[in-house]
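Trainee: Please see the structure below; I have some questions.
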Amino acid sequence: MLAIIGGSGLYQLDELRDAVPVAMETPWGAPSDTMTRGVWGDTQVLFIARHARAHSVPPHRINYRANLWALRQAGASQIVAVAAVGGIAADCSPGMLVVPDQLIDYTSGREATFFDGSEGKVVHVDFTEPYDAALRSALSDSASGLGLPLVRGGVYGCTNGPRLETAAEIRRMARDGCTIVGMTGMPEAVLARELEVPYACLAVVANAAAGLTSSAGGVSIDAIMATLTRSVADVRRLLAALCSGEASRRQA
């Protein structure tokens, strides 16, 4: 079962057939919203809106542990996380889709592990490659099949939010090697790894990061929302193709 986590601009999947709500409590509390289970193409799909359908949960308040736990318990065997980001690298311009292959975590104060010592043991997970290679390839190949421009690879720098970054912070992140910046990539990715569920990020560049090109005089929230509105159609097309491709791979 493919789980899709919807980020800013993607709050529901009207494409799902036979859609039913799935409410779930977890040992970590309630998820951001009620999940939806349905069928897209020939693929069983779970969907949850990361910020809730009303976009009421800010990035630093998201119960990432509850979201990931609920998806796994509901049967998710792989997760695609859609996320709005700022573009740092020149090829990550507004409206571009990016499938990163690395990340750097700049967050603090978030509940970032299921293994918090409450069970009386210490557990370490390998996080050398934070995103699943096969799922990244499936996303990239689906975009290619549609003729959608997409950046394969990149480094997602995750900040706390909800404020946007300063120009100096973006310059530092660029020196660190970040190509995009967002607020929700961690601890989401590592929690999926702890649960042993393959996870990949489909990032939508909503704006040039602070201090760069069109954002040199400041970042326009209205412009961000306008870009997301336009780009969500491409995201839906790509996800539809991915669901069709998943069915084909299972049959093969």
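The values are calculated or read from the model by the stated rules, or taken from the named source; none is laboratory data. Computed from a prediction, not measured in an experiment: that's the story for all the values here. Every residue, glycine among them, receives a Cβ derived from its backbone with ideal geometry; neighbour counts consider all protein chains shown.
Trainee: When you scan the stretch 42-61, how many residues do you find that are surrounded by 18 or more Cβ atoms within 10 Å (Cβ to Cβ) and small (Gly, Ala, Ser)?
Mentor: 1
The rows are residues; the columns are (1) at pLDDT 95 or above; (2) in contact with a Ser or Thr (Cβ under 8 Å, 6 or more places away or on another chain); (3) more than 14 Å from Cys201 (Cβ to Cβ).
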position: Val57; (1), (2), (3): yes, yes, yes
position: Arg72; (1), (2), (3): yes, no, yes
position: Gln78; (1), (2), (3): yes, no, no
position: Ala89; (1), (2), (3): yes, yes, yes
position: Val98; (1), (2), (3): yes, yes, no
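Trainee: If you go through the stretch 51-71 one residue at a time, how many are of a type in the set (D, E, K, R) and under 14 Å from Thr113 (Cα atoms)?
Mentor: Looking only at the stretch 51-71, we keep the residues that are of a type in the set (D, E, K, R), and these are 53, 61, 65.
Subset that is under 14 Å from Thr113 (Cα atoms): 65.
Qualifying residue count for the region: 1.
Trainee: Right, another one. Name the residue that is nearest to the chain's Cα centre (by Cα), counting only residues in the stretch 4-50 that are in a loop (DSSP other than H, G, I, E, B), aliphatic (A, V, I, L, M) and farther than 22 Å from Cys201 by Cα. Break it down stepwise before answering.
Mentor: Just the residues of the stretch 4-50 that are in a loop (DSSP other than H, G, I, E, B), to begin with: 7-16, 23-25, 27-28, 30-34, 41-42, 50.
Of the ones still in play, those that are also aliphatic (A, V, I, L, M) are 10, 13, 16, 23-24, 30.
With the extra rule that they be farther than 22 Å from Cys201 by Cα, the set shrinks to 23-24, 30.
Working: Ala23: 21, Met24: 21, Ala30: 19 Å.
So, considering only residues that are in a loop (DSSP other than H, G, I, E, B), aliphatic (A, V, I, L, M) and farther than 22 Å from Cys201 by Cα, the one nearest to the chain's Cα centre (by Cα) is Ala30.
Trainee: Only one residue in Gly154, Gly117 is modelled with pLDDT under 95 and small (Gly, Ala, Ser). Which one?
Mentor: Details: Gly154 fails: modelled with pLDDT under 95.
The match here is Gly117.
Trainee: Can Gly182 be described as at negative phi and in contact with a Cys (Cβ under 7 Å, 6 or more places away or on another chain)?
Mentor: Values: at negative phi: yes; in contact with a Cys (Cβ under 7 Å, 6 or more places away or on another chain): yes.
When the stated conditions are applied, Gly182 passes them.
Trainee: Cβ-Cβ distance below 9 Å, separation of 6 or more or different chains: which pairs start in the stretch 120-138 with a residue that is loosely packed, with under 11 Cβ neighbours inside 10 Å and end on one that is modelled with pLDDT under 95?
Mentor: Here the result reads Lys121/Phe115; Val122/Phe115; His124/Phe115, each pair linking the stretch 120-138 to a residue that is modelled with pLDDT under 95.
Trainee: Could you count how many residues in the stretch 86-106 are closer than 19 Å to Ala192 by Cβ, in a loop (DSSP other than H, G, I, E, B) and out of contact with any helix residue (DSSP H, G or I) (no Cβ under 8 Å at 6 or more places or on another chain)?
Mentor: Final tally of qualifying residues: 1.
Trainee: Right, something else. Being buried (at least 21 other Cβ atoms within 10 Å of the Cβ), touching a strand residue (DSSP E or B) at 6+ places or on another chain (Cβ under 7 Å) and farther than 25 Å from His55 by Cβ: is that true of Val181 here? Reasoning before the result, please.
Mentor: On the way: buried (at least 21 other Cβ atoms within 10 Å of the Cβ): yes; touching a strand residue (DSSP E or B) at 6+ places or on another chain (Cβ under 7 Å): yes; farther than 25 Å from His55 by Cβ: no.
It is false that Val181 is buried (at least 21 other Cβ atoms within 10 Å of the Cβ), touching a strand residue (DSSP E or B) at 6+ places or on another chain (Cβ under 7 Å) and farther than 25 Å from His55 by Cβ.
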